[in-house]
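See structure below.
The values are calculated or read from the model by the stated rules, or taken from the named source; none is laboratory data. The structure presented is a predicted model; accordingly, all values stated were derived computationally and were not measured. Heads up, the Cβs are rebuilt from the backbone with ideal geometry, glycines too, and the neighbour counts pull from every protein chain shown. Calculation scope for accessible area: heavy atoms of the full protein, side chains included, ligands and nucleic acids excluded. Shrake-Rupley method; radii C 1.70, N 1.55, O 1.52, S 1.80 Å.
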Amino acid sequence: MQVYRDITQPTAITHCVSANLISPDQPNLVVVKGSSLLQIFTFVSHESQSSSTVIDDDDDAAPSTRDHSSAASASANGQQSAAADGDQQDQTDDNFLADIGLEQSLTTYHTKLVLVAEYALSGFVTGIVRVRTAADPRLDYVLLSFASAKMSLLSWDHARHTIATVSLHYYENQSGVFSATFNTDVADSAALLRADPGNFCACFKFGSDMFAFLPFRKEDDDLELFTGAGVGSSGKNGEISRVFYPSFVVPASMLSDDIENVIDAVFLYEYREPTLAILYQPKRTWTGLIHETKDTTALIVVALDLQQRASTAILSISKLPYDLVSATALPAPIGGTLLLGANEIVHVDPAGRAVSIAVNPFAAQTSEFDFIDQSDLELRLEGSKAVYLQDNLVLLILGTGDLCLLRFMLEGRSVERLELHRLDLADKLVGGAASCLEIFWHKKRLFVGCAAADGVLLSWRKSGDTRRGSSSAAAEATEDASSALEAEASNDNSNLVKSKEYDDVEDEDLYGESSSSGAANSTAAAALASLDEAAATDSESHKKFSFLVHDRLVNHGPLLDVAIGSVEVRGNVSQNAEVSSKLEVVGARGGLPRSGGLSVFRRSLTPRVSARFAFPDCKALFTVKTKSRDTLTSGVDSAIGDQVDKYMIISRADESVVYDISERFEEVRGTEFDPRGATLGVGSILDGTRIVQLCATEIRVYDSDLKMVQMLPVYMPPEDEDETSADWSASGADPGLVAYSFSQNAVLLLLDNGAANLLIGGEQSLELNEEHRFEQGIEFSAGCLASVPKSFLPGTKATKFEVSRKRKRTTDIIYGTSTAANNSARDDVDDDEDSTVDVAIMVTRQGELQIYRISDLKLMYSIKNCDVLPQLIERPPESSEHPSSRRPSMAGRRRSSMGVTASAANDRVNSASGKEYHIVEVLYASLGDSVMRQNHLFLRTADGDVAIYEPFVPPSGSGGSSALSVGVRFLKVQNIKVASSSQPPASEDAEQSGDAAAARRNQLRVSVLFPLVNQSGYDTVFIADGVTRDNNSAPASSGVPAGPDIVPPTESLFVVKTARSLPKAIPFAGGPGVKFINPFHSITVDYGFIYVSRNDMVRVCKLQDEYSLDGAWPAKKITMDEEIHAIAYHSDQRMYVASVSKETQFSSKEQEEERLAELEDADFPASVDQGSLKLISPRSWITVDSYDFAPNETALVVRAVNLQLSESSRARRKFIAVGTGVFYGEDQPSKGFVYIFEIIEVVPEPGKPEHNHKLKLIVKEDVRGVVSTLCEINGHLLSAQGQKVMVRALREDMSFLPVAFMDMNMYVSDAKSIKNMILLGDIMKSVWFVGFSEDPYKMQLFGKDLRHVEVVASDFVISGDLLHFVIADANRKIHILQYDPDDPRSLSGQRLIAKSEFFTGHNIEAFTIIPQAQLPIYPTIAPSTTIPPASAATAKGEAADGSTENGESDPASNDLQPTPAPPTPQQPQQQQMCLGVTQSGNLVSVHPVSEMTYRRLVVVQQQMAEKYEHVAGLNPRMYRSLSANAELSGSATRVVLDGNLLLRFPRLPLNRQIEISERAGKGAEAMIWNHLFELEKSLSYM
């Protein structure tokens, strides 16, 4: 039983489209990554500071400083040089000073992409287009097509701030469609999705030349003309009639009789009716037959009659070059269709006239078409994309990433000739072939999506476009034309320009009249005429273009190989070793040389320690900024947030110590600071002029010189104290402080009796005024102070399309601060939406979220049942109940899995699982980077669930209600589980001993959410793990054996958000559990943090900014400027070895003299890869040594192996084994070599300490056939060469002798071994399971899979005594097999049993087996009803005073008796999982699970698939299900669990989680959480 999951998200961009999806005024970029991840971006203008640093010549004195606003952007792009990291030098414990460099800054403005939302799709996307219908003439819809013959129409739901599925159209049930779609490879099904520029319809080509047409409604349509039932459509009935008409399916032959083998199809511009141009090949041919059959491609243009479902052929042109692969429709003034081939470019105008150019000498050899000769360019157009740029120019992006401009020479509306010019740019803007292009004409922006390089947002500018007052008529015409065209583009939905004049009346009848005004027509026509004249005389116009990169979407794909190595600690090893990640995953990133290199992934964030010191018994520490009153009254403008910290207060159990950290780190003495008692909280108010110290019983207020100016009690009973407070007083203990929150001028105090007090500081008196009390009768469990926009609160006027609101980039309102206190009581809120209001966000013990205005404590907003953490927190418009009349929340009314109703609302504990669902902590904090910062709401429950909500205000009229009555809503964007439920059960004696009120105060006194501002450019929230939250938490030392097999019970987390990602939790590698953390900003540590760990070690740190945080794991890219094929890690020498190659001219001769002679006579020679081996140091990621192979030779596989050197001593040594292939073309057989290298230590060169290792060649063995794979087997080396595998032994004299062999089927693609067992994968014949023995040497076949599977990668999955095989094929599926000779279906073990298939959606290129961490297993204690202490004593025969019936004191009731030790955890079974890399650029894994775990999780998966709302209306079960031609072993097959779907379970509301858990059995909720926690933390040892 296995679980598959994507560890990181795919990064390879496969599709993109621009659409006004959210706002009519702001376009969005919709991107599909890895054909399964949908992302929606918006654009913002970002001001960045690029700095240059001047530092002292003494580099050892201090590291170079850098500008943080630009550092975040650079880090997000992942393009930093590895050497720029700069190891920091040692800092003394008592002084953190270092030299500071001078910086010169330069302000630049760029357009940046900001992620709005993302969705994982349960389908393989094959196309995406935008459409606009009569349902909403201002906003666009997005239409997606999938490989399973489906289309989904999506729109934006403003009321819910998410995507909405309008309709689903499915065609797999059509005659012949199912077999044509599902029984072939997904990559081979050339599905096409096109939308008409006039928004008449969309066309979906799928299967074997089947076309599905989906007509869309227009405002002036006659509904009676569209009749007939639709095919395979489903959606909301009320919306279908307003959006589209029934779709219909026709074969290509019905459009025209001779259409067959469709290559591409596009809708053309300037036609009145939807007109489709189809490129097809009625008779197939290939390069080997061009001497007999050539020019077999044809183009036909058909006009569609959607009402009658008929078509009319307008023109047809045949005998086009056979290698044409794509068609692009061009708008006016060019028009027509642009066809791209491998060797030529052809343009067909609306009249059927074709003009073409040859870009290399092969065009004339492969076609008899009439070409304009530009073969001297010697271009290869495979993988090229074209897009209309402006005027008469088309931009061409080649498969190499180079840019070319195609210039059309126009004569009126006719194209006379074409000219292609290569753009010689200093910087290579695009790293590889473009998978999709999307242009924004009105912004002059172009997005280039790549599957093998970063996605790039470009802008272009042509010199003369923006000149004013020029005397040149051509320049003025160009400017007027651009203005006119951009004006039209802003009004046209497709952002394209229609022609303004037509040659004759016949053309006008054919294409239809333009809808623009006559003035615009005449202006544009005159401008274009002048433009053509100017262009005809300017042959150097292509040199006037300049391009600029504005933003990048980082892509780590395609990953071809993977290695796992140890993390090299930089800087001070003694300081950083304890807080560093242990292991890192390094992927070999293929693609073109300019984008090839390494991608380094780490699971956790590693800090850079500036200083550390031990502080015994440290409970908490606080840093504060101060400002003297003289500075405040003098009028000097100095923002408190920009100042360094002045004091640090460290709290022990019974005393507090204050330090001055502004210039030196030294203890402050001789002040009025009172060190008595522990400090619970410290903050500065009134612009830093007052320091507030919160203690257990009193509040102390100091000035900036620590002179005490005020002292207040924490709790002051009111005059009309109620019975509840009287009970507290009678118990002898005043209500204790459990939570607090600071704002600019106020302090919020929460007491453990549910009361909340608010202290407001006076701007004139600079003192805390008397406390303001909330309404009596309301008990609060959590709260915080914040500043929110006034539009968030009801009663304010909502803006039109508030979703495109202007987000603040300042940090004025972050973490509840504001510029001034608002002490005046107002009844209504001002309509100024850009201003903010200070509020208190409170949560009652009944689970109601309330927002109070601080100035008068008026309740402005309330939402019930927030404690179940719903997906959307919204306030009904009719909700007007008084706060004192509250109904019990969902947690108080739910029924447990045992059928017992939960306790009262105040208790809020689920009796079945013992989990507490009431909210105990609230935080309103900023997340983001220098590009975009946005406030989020954090809600934490007592059981450890942390939900992150994004606030938004829906536009007026959305969702059937107005924003005036509803106000702000909160959308859950992330849910984090702080700790697992696998903890030692608490003993009854521990629960019943001690004072109940004191225990309750100790439990709620802990805060785990800490906001940290500007940490290496990021605003983050830290979730601490080192404090015991309740009596059920695991102790610090629980007796669990250390090692990679055990999951830690808790883990500190950084919640991080970037402009290109949503909030996510990344583990913190800061050593053992963090008890307390606070920001730290000093002269030497610029915007860092200071924290104390569980072992009382205090560290001052900064986050490393060299890793991009856009993905689930921190990652960075190492560019090598060469194409990389394989990688291995040498664990002994801690070095990486990579196989790389570069293109050279191909020669079929082996001798050097013959090679040179052949290359001299070559005309446009072919290219071939010449490989080399690189030795890479992980300290700086630079190449320290290399070994070059012969021409035409490339290393295909690199492995680190432990080879046995002696049969007598059995001594082994680590080597690097390399298998190569030498290729001389089709006419000569291939051959290969097996190399054995040793990495040796040498004396480094002066100034290059990293160059202390070299590659030493030990063995070079010539073999017949290409060496396709290698692996180690019992100290021997197995190599696959051609159709044979051979085992060789290395001797002491370094001889390399074969000892065993076995003949294989076709071509061995992969080989893995464990002990003396080998798994061999074939490129066509699936896998063989083979054994190897040494006495005598032989290889024996155990069993093999008889199916036809194209194996790409394979490995073992181990769970205890169970062994399974996992293989990845070329069809994006994984297969699970088992060797079981006792099963009768295996024919005594001769046949491997196929257990399951699973469609991953990714091309997995490599697997590696690694340990899987697991939770410790504790003995199970049956749940029982909790007995109050008095009742429990009576049940044991004790009196209430602790004595027994005989009058003797019971020792068990003595408080001095030690608490029973928690049960000893059991060691779980060892499990080995598979980690894989894909062409989509993400990491994937296959986990083994136990039988009980599988049974529980399969129930959860079924419930999630059936009852969870899935984007685009897709079915995850069908997406992952087996193919129609699966050949599995009957009823014994079991589905592989979808980990991506299972990990959505925490996103559900808590009441929905309980409902699903009940389906898995009684009390299964805690176990399900353990299983999911274990799955997510399976690599926690990294």
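If only residues of segment 1513-1538 that are crowded, with 17+ Cβ neighbours inside 10 Å and touching a Phe, Trp or Tyr at 6+ places or on another chain (Cβ under 6 Å) are counted, the one that is modelled with the highest pLDDT is VAL1536.
Does LEU751 satisfy the condition of being within 29 Å of LEU1009 (Cβ to Cβ), open to solvent by less than 30 Å² (accessible area, probe 1.4 Å) and either out of contact with any strand residue (DSSP E or B) (no Cβ under 6 Å at 6 or more places or on another chain) or at pLDDT 60 or above (or both)? Here the answer is yes, as LEU751 does meet what is asked. Within segment 1373-1390, the set of residues being open to solvent by 30 Å² or more (accessible area, probe 1.4 Å) and either farther than 22 Å from VAL1486 by Cβ or in a loop (DSSP other than H, G, I, E, B) (or both) comprises TYR1379, ASP1380, PRO1381, ASP1382, PRO1384, ARG1385, LEU1387, SER1388, GLN1390.
Out of segment 1220-1251, which residues are assigned to a strand (DSSP E or B) and open to solvent by 50 Å² or more (accessible area, probe 1.4 Å)?
Those that are assigned to a strand (DSSP E or B) and open to solvent by 50 Å² or more (accessible area, probe 1.4 Å): LYS1231, ILE1240, GLU1241.
VAL692 passes every criterion in (1) in a loop (DSSP other than H, G, I, E, B); (2) on the phi < 0 side of the Ramachandran plot; (3) surrounded by 20 or more Cβ atoms within 10 Å (Cβ to Cβ); (4) modelled with pLDDT of 80 or more apart from (1).
When PHE204, PHE226, PHE267, PHE200 are screened for being out of contact with any helix residue (DSSP H, G or I) (no Cβ under 9 Å at 6 or more places or on another chain) and modelled with pLDDT under 85, only PHE226 passes.
Say whether the condition of being without any contact (Cβ under 8 Å) to a residue 24 or more places away in the chain and buried (at least 19 other Cβ atoms within 10 Å of the Cβ) is met by at least one residue in segment 327-345.
Checking segment 327-345: not a single residue is without any contact (Cβ under 8 Å) to a residue 24 or more places away in the chain and buried (at least 19 other Cβ atoms within 10 Å of the Cβ).
Screening PRO1229 with (1) within 14 Å of GLY1282 (Cβ to Cβ); (2) in contact with a strand residue (DSSP E or B) (Cβ under 6 Å, 6 or more places away or on another chain); (3) modelled with pLDDT under 90 gives one miss only, at (2).
Going through VAL586, VAL569 one at a time, which residue ends up being part of a loop (DSSP other than H, G, I, E, B) and either farther than 15 Å from ILE7 by Cβ or aliphatic (A, V, I, L, M) (or both)?
On inspection, the qualifying residue turns out to be VAL569.
Screening the candidates GLN871, GLN850 for the property of being modelled with pLDDT of 90 or more, surrounded by fewer than 22 Cβ atoms within 10 Å (Cβ to Cβ) and among the polar types (S, T, N, Q) yields one hit, GLN871. Please work out if ASP642 is under 39 Å from the mean Cα position of the chain (by Cα), acidic (Asp, Glu) and modelled with pLDDT under 90. It is true that ASP642 is under 39 Å from the mean Cα position of the chain (by Cα), acidic (Asp, Glu) and modelled with pLDDT under 90.
For segment 1204-1222, the criterion of being at pLDDT 90 or above, more than 18 Å from SER1131 (Cα to Cα), more than 38 Å from the chain's Cα centre (by Cα) and of a type in the set (Gly, Ala, Ser) is met by none of the residues.
Looking only at residues in segment 757-795 that are in contact with a strand residue (DSSP E or B) (Cβ under 7 Å, 6 or more places away or on another chain) and charged (D, E, K, R), the one that is nearest to SER835 (Cα to Cα) is LYS790. On the stretch given as segment 1547-1582, residues that are of a type in the set (Lys, Arg), part of a helix (DSSP H, G or I) and under 23 Å from the mean Cα position of the chain (by Cα) total 1. Scanning segment 303-354 for residues that are part of a loop (DSSP other than H, G, I, E, B) and under 24 Å from GLU292 (Cα atoms) gives PRO321, TYR322, ASP323, ALA342, ASN343.
Okay, residues lined up against (1) open to solvent by 40 Å² or more (accessible area, probe 1.4 Å); (2) assigned to a strand (DSSP E or B); (3) over 20 Å from ALA329 (Cβ atoms); (4) modelled with pLDDT under 90:
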{"position": "SER356", "(1), (2), (3), (4)": "no, yes, no, no"}
{"position": "ARG417", "(1), (2), (3), (4)": "yes, yes, yes, no"}
{"position": "ALA426", "(1), (2), (3), (4)": "yes, no, yes, yes"}
{"position": "VAL430", "(1), (2), (3), (4)": "no, no, yes, no"}
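Quick one: is LEU214 in contact with a Lys or Arg (Cβ under 9 Å, 6 or more places away or on another chain) and at pLDDT 75 or above? Answer is no for this residue.
Residues are listed down the side, and each one gets a yes or a no for (1) modelled with pLDDT of 90 or more; (2) assigned to a strand (DSSP E or B); (3) closer than 24 Å to GLU1397 by Cα:
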site	(1), (2), (3)
ASP1310	yes, yes, yes
LYS1325	yes, no, yes
LYS1338	yes, yes, no
VAL1349	yes, no, yes
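Residues in segment 1305-1321 that are crowded, with 20+ Cβ neighbours inside 10 Å and not polar (S, T, N, Q) were compared, and the one that is nearest to GLY1221 (Cα to Cα) is VAL1308. Does segment 974-989 contain at least one residue that is modelled with pLDDT under 80, open to solvent by 20 Å² or more (accessible area, probe 1.4 Å) and charged (D, E, K, R)? Checked segment 974-989: at least one residue is modelled with pLDDT under 80, open to solvent by 20 Å² or more (accessible area, probe 1.4 Å) and charged (D, E, K, R).
Could you grab me the full set of residues in segment 120-139 that are in a strand (DSSP E or B) and either without any contact (Cβ under 8 Å) to a residue 40 or more places away in the chain or open to solvent by 30 Å² or more (accessible area, probe 1.4 Å) (or both)? Answer for segment 120-139, where residues must be in a strand (DSSP E or B) and either without any contact (Cβ under 8 Å) to a residue 40 or more places away in the chain or open to solvent by 30 Å² or more (accessible area, probe 1.4 Å) (or both): ALA120, ARG130.
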